[in-house]
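Single-structure report; data block below.
The values are calculated or read from the model by the stated rules, or taken from the named source; none is laboratory data. In this text the structure is predicted, and so the values were computed from the model without any measurement. As a convention, Cβ positions derive from the backbone with ideal geometry for all residues, glycine included, and neighbour counts pool all protein chains shown.
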Amino acid sequence: MRYSYTAKSQQGVTRPGFFEAKDEQELASALRQEGLFLISFKAEELSQKNKRSIFSFNRGVGISDKVFFIRNLRVMTSAGVSLPRALDTLAVQARNKQLKKALTEIEEKIIHGQSLSESLREYPDIFPEIFQNMIKVGEESGTLEQVLNNLCQQLEKQQELRSKIIGAMVYPLVVISAMIGIGFLMLIIVVPQLAETFAELELPLPLTTKIVIGLGVFLQTRWYLLPLIILALVFSLRGILRTRAGKQFFDKIFLKIPVLSQLVKETSAANFTRTLGSLIGSGVPLVRSLEIIAGTLGNIYFRESLLEAAEKVRKGAKLSDSLKPYENLYLPIVVQMIEVGEETGETSQVLDQLATFLEDEVANTTKNLASLIEPLLMLAVGGAVGFFAISMIQPMYSMLEAI
């Protein structure tokens, strides 16, 4: 549910704004953590553009577009350009239509008296909570330029990490796509011709041959059903992943597969430490930082561990102690380095160094993963070719034996 609210700060300043929360209790709790007291609120239905279903394929605003926005906004504000003028310039330069429209509307809101952080709250699909909270702290402390610099670095590192992972997966995807394409052509061109030959000779066919011929005939005569079957599978998978049970099932599988689980843990830890370092360095409270990061992580087990850790920290526990029960999720170095940061009082700097180390580890793991996948792909290709060859040649051998 989306709420429009009016709240008061501890200094007595009234602030309007927007916030998405499960109910009014969660709204009030979130505002209290920001030092605000809820005065009044009004529930609003989410606009149609913010509603998502299993049928939504909106590309949205990518990381590169957000980096463009933050980097240029930092440069322009540091040069003394007013916020409305900077946003107007960035809206003209923006290539993404969704971002362009949002920046134009945000410019109007700022001209009418809203702060930048309050304006960003109305576009949660484009500017997540990390944007809103870091910029809010920057506005209140007068360090907006530094906050924008931290946010820009965090997004650039996140984009670099994602590029490394995608780059490592290009080769396997190309091989798999080529294998599927060649197999498809064989099934619709070669198999039906062999099937006619077998039918004319009235040869008894083994089960594997019948399966291959049946698939080939299906693809040749009813190919138009293939896109519908693929779409049905995609929608079904998306629907399953939107359920808690489905998300838990797949996330658990990713944490069990040997090499892939290492990559998931390192990637999640790198994102966690990088983002936490940026939030703490910008002045966002630790508990609130953990809750924000929990909403950005894809794996449900990491998300729940951070929410539980945030609750323990709220009650007075140290972050390192709160993460120790989750040794199956967090690498030992993560907990140890956080503990060092807490002891030295330099948690933000330690987290940044740890994030850099973990990002390098992710790069190495992706290289090893690509090296491991290559022989597995060769085995898969060989197995598929062998299955096809045996299925098609076996009836011929049977005919020769009969002669």
Quiz item: Just a yes or no: is a residue in segment 139-159 small (G, A, S), out of contact with any His (no Cβ under 8 Å at 6 or more places or on another chain), modelled with pLDDT under 80 and not in a loop (DSSP other than H, G, I, E, B)?
Solution: yes
Exercise. Could you figure out which of (1) out of contact with any helix residue (DSSP H, G or I) (no Cβ under 6 Å at 6 or more places or on another chain); (2) farther than 18 Å from E327 by Cα; (3) of a type in the set (A, V, I, L, M) isn't true of I257?
Key: (2)
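The rows are residues; the columns are (1) among the basic types (K, R); (2) modelled with pLDDT of 80 or more.
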| position | (1), (2) |
| --- | --- |
| M76 | no, yes |
| R85 | yes, yes |
| A91 | no, yes |
| I110 | no, yes |
| F127 | no, yes |
| I165 | no, no |
| S177 | no, yes |
Quiz item: Hey, among A317, A310, which residue is assigned to a helix (DSSP H, G or I) and at pLDDT 85 or above?
Solution: A310
Quiz item: When you go through (1) in contact with a strand residue (DSSP E or B) (Cβ under 8 Å, 6 or more places away or on another chain); (2) at positive phi one by one for E118, which number turns out not to apply?
Solution: (2)
Practice problem: Would you be able to say whether some residue in segment 69-86 is on the phi > 0 side of the Ramachandran plot, among the small types (G, A, S), free of Cβ contacts under 8 Å to residues at least 40 places away in the same chain and out of contact with any Lys or Arg (no Cβ under 6 Å at 6 or more places or on another chain)? | Solution: yes
Practice problem: Being surrounded by fewer than 19 Cβ atoms within 10 Å (Cβ to Cβ), more than 21 Å from the chain's Cα centre (by Cα) and assigned to a helix (DSSP H, G or I) is the filter here, so list the residues in segment 90-136 that pass it. | Solution: A91, V92, Q93, K97, K100, K101, T104, E105, E108, K109, I110, I111
Exercise. Go over the candidates L379, L354, L323, L297 one by one and state the one that is exposed (fewer than 15 other Cβ atoms within 10 Å of the Cβ) and farther than 30 Å from A199 by Cα.
Key: L379
Quiz item: Restricting attention to segment 92-105, which residues are within 19 Å of P124 (Cβ to Cβ) and without any contact (Cβ under 8 Å) to a residue 24 or more places away in the chain?
Solution: K97, K100, K101, T104, E105
Quiz item: List, please: which pairs have Cβ atoms under 8 Å, are six or more places apart or on different chains, and start with a residue in segment 327-341 that is within 12 Å of L354 (Cα to Cα) and end with one that is outside any loop (DSSP other than H, G, I, E, B) and among the charged types (D, E, K, R)?
Solution: L331/K265; L331/E266; V335/K324
